[in-house]
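Student: There's a structure below that I have some questions on.
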Amino acid sequence: MTRQLPFVVRGHPGIGEAVEGLALVADDGFSARYDLDRTNGTFSRPQHKLFGQSYLDRILILARAKGGVATAWMFLDMVSRGMAPKALVLNFANPIIAQGAALANLPLMDRFEQDLTAVVRSGDLVRIEPAAGTLTVLQEGGG
């Protein structure tokens, strides 16, 4: 797929400050409790498409939230220890993920006009602006 850069995708206004970083993308769900090794900063569930990859210093772009009530304190703990992603971007979040992101001051966006897991690639340099509801691909990455 060829994209003319910068490539902007609009979504629902989100939570948190604008942030720029490398994307880590998968058409998979997201659960802080079941998918992550929050001590080592990697995806730990063998069935997850990002298994073994580090989420540290990355903007996570995933399909949907899968999270229970523990998500809020997990996000807060991850942010306080410097073991959180730069931001979480989902095609579809849920109220629990949003509550956890707000509590932890973790940038979060969702509900985009396109499936982000199909138009953004791992390694792309992206900028999210939650207040404006935009994600911009600034530079294509190496995958």
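What follows draws every value from the coordinates through simple rules; no lab data is involved. These figures come from a predicted structure and were not determined experimentally. Here Cβ is always computed from backbone atoms with ideal geometry, including for glycine, and neighbour counts include all displayed protein chains.
Student: Kindly express, to the nearest 10 degrees and within the range 0 to 90, the angle between helix 71-80's C-alpha long axis and the longest C-alpha principal axis of the chain.
Tutor: Around 80 degrees separate the two axes.
Student: Restricting the count to DSSP beta bridges whose residues both fall in the chain, what percent are antiparallel, rounded to a multiple of 5?
Tutor: Counting only bridges with both partners in the chain, antiparallel ones make up about 55 percent.
Student: To the nearest 10 degrees, how steeply does helix 95-104 sit against the main Cα axis of the chain, on a 0 to 90 scale?
Tutor: It is inclined by approximately 80 degrees.
Student: Could I ask something else about it? Suppose only helical runs count, i.e. DSSP H with n ≥ 4. What mean residue ellipticity at 222 nm does that imply for the chain under -39500 (n - 2.57) per run, divided by all residues and rounded to the nearest 500 deg cm²/dmol?
Tutor: -5000 deg cm²/dmol
Student: I would also like to ask the following. How large is the convex hull of the C-alpha atoms of the chain per residue, in Å³?
Tutor: With only Cα atoms used, the chain gives 91 Å³ per residue.
Student: Here's a follow-up. How many angstrom separate the Cα center of segment 90-143 from the Cα center of segment 54-87?
Tutor: Taking the Cα centre of segment 54-87 as reference, the centre of segment 90-143 is 12 Å away.
Student: As a footprinting exposure proxy, order Met78, Met83, Met109 by other Cβ within 10 Å, with the fewest listed first.
Tutor: The most exposed by this proxy come first: Met83, Met78, Met109.
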